[in-house]
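To start, the structure under review is shown below, and the notes come after it.
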Amino acid sequence: MTKVVCAPDSFKGSLAASEVARAMERGIRKFSPDIEVLRLPLSDGGEGLVDSLVAATGGQKKKIVVTGPLGRSVEAEYGILPDGRGVMEMASASGITLLPREKLNPLKTSTRGTGELFKALLQEGCPEIIVGIGGSATNDGGIGMLQALGGKFFDSRGREIGPGGGELKRLAGYSLDCLDPLVRRVKIRVACDVDNPLTGERGAAMVYGPQKGATPEMVAELDRGLAHLAKLVREKEGLDIEKVPGAGAAGGLGAGMMVFLGGELQPGVELVLDTVGFEEKIAGAELILTGEGRLDQQTVYGKTPLGVVRRSGKIPVVAIGGWLEPEFSSLRGEGLTAFFSILDRPRTLEDAMQMAARLVEETCEEIIRLFFAGRK
């Protein structure tokens, strides 16, 4: 029996990775119900990380109420894997999708809820915690998270600074003496979906600030705030964190987790593929289908489709997406067999997102027809 693996990421804002995988399977089964289909929804460390790892390992999900990016309560979730490891994604507590566009303001948004979510996993007694840090609405260097865990960050008068990246310029010192002691007993693996440094032209504020609602003036202020935080760390810890790849992920949360919690930054897709046992799962497959909503230059820099292609061995890999950019074609050099847009005709973005499940299903039906025609 032919085995086909459906290993997509999410189509952000439209379909979770698990929904994409199910739509892929429906398309395959339209052609033949006799094909063995393995659904393996994936993530690069952003939204969908918990779903991906829980589904692949047979773990369980739990929900709690935490502080949202602007202080209002939100419901967030985390996962417990069968071996006791915990998994969470900061987007669930401090993500950009939790706010309407007009409310986005990285001078004010905080990662406090991420810290509360992390604390819940500490209390579960997890020996290791995997943290996905993609999809943030924040640019506070992880200070809000650390305050929720007991860290003290104060101004020149010894007063605790407030929430948001706009407060970093007031930071005069910090103390970790009251940090939750459970932090020191757990291994922390941080799944980064980008490798940006903390500051500068490729830094957190300059590259991602505008999509989080920052004006050019705000971007400059946020970048100065992160540079100021890095200066304090350099003076107190003797560590230079400004140019570390991944330090700028999630508005500097990567740097905060690395410096203050001892987290190990790793490419998100590689961490996920290792955790789900990707090579073992795809054994015997004759075709792998992958994809994400937008196949572009960022995909080439380390998103899920690239990870799948690199780890697929000699199995053909076909990628689908709603938006294709020319840079993505370079993945052919990595071993990608082919890629397709799911769009059947010109559509508005809103219409395409609403129709995404059907479009994925129809596209995968055509791909599997072509695959079997080629075999004949």
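Details
- Whichever aspartates and glutamates have a C-alpha closer than 14 Å to that of LYS303, once near sequence neighbours (fewer than 8 apart) are set aside: ASP9, ASP44, GLU47, ASP193, ASP195, GLU270, GLU292, GLU327, GLU334
- Here the relative contact order of the chain, from alpha carbon pairs under 8 Å that lie six or more residues apart, stands at 18 percent.
- When only Cα pairs below 8 angstrom with a gap of at least 6 residues are kept, the range 49-269 shows a relative contact order of 20 percent.
- Efficiency of FRET between SER341 and ARG369 - r from beta-carbon atoms, R0 25 angstrom, step 0.05: 0.90
- Value of relative contact order over the range 42-99, rounded to a whole percent, pairs C-alpha under 8 Å and six or more apart: 34
- Sorting VAL186, VAL20 by the number of Cβ atoms found within 10 Å of their own Cβ, with the fewest placed first, yields VAL186, VAL20.
- A dipole drawn for the chain from +1 and -1 charges on Cβ atoms has a positive end, and of LEU261, MET1, GLY71 the residue lying farthest that way is GLY71.
- For the set LYS12/LYS212; LYS61/LYS108; LYS62/LYS119; LYS108/LYS152; LYS63/LYS152, the pairs lying more than 20 angstrom apart at their alpha carbons are LYS61/LYS108; LYS63/LYS152.
- Counted by Cβ distance under 14 Å from GLU128, the other residues give a net charge of +1, where Lys and Arg count +1 and Asp and Glu count -1.
- Of CYS178, CYS364, the sequence from fewest to most neighbouring Cβ atoms within 10 angstrom is CYS178, CYS364.
- Relative to the current alpha-carbon distance between LYS152 and ASP274, full extension at 0.36 nm per residue lengthens the span by 40.4 nm.
- Shape of the range 144-230, Cα gyration tensor, a/c cut at 1.5: oblate
- For the chain, complete DSSP H runs whose alpha carbons reach 18 Å or more along their own long axis and whose mean Kyte-Doolittle score is 0.0 or higher are 356-375.
- Relative exposure of SER10, SER94, SER330, judged by other C-beta atoms within 10 Å (fewest first): SER330, SER10, SER94
Bear in mind these aren't lab numbers, they're just calculated from the coordinates by the rules spelled out. Just so it is clear, the structure is predicted and the values come from calculations on it, not from any experiment. Every residue, glycine as well, gets a Cβ built from its backbone with ideal geometry; the counts of neighbours run over all protein chains shown.
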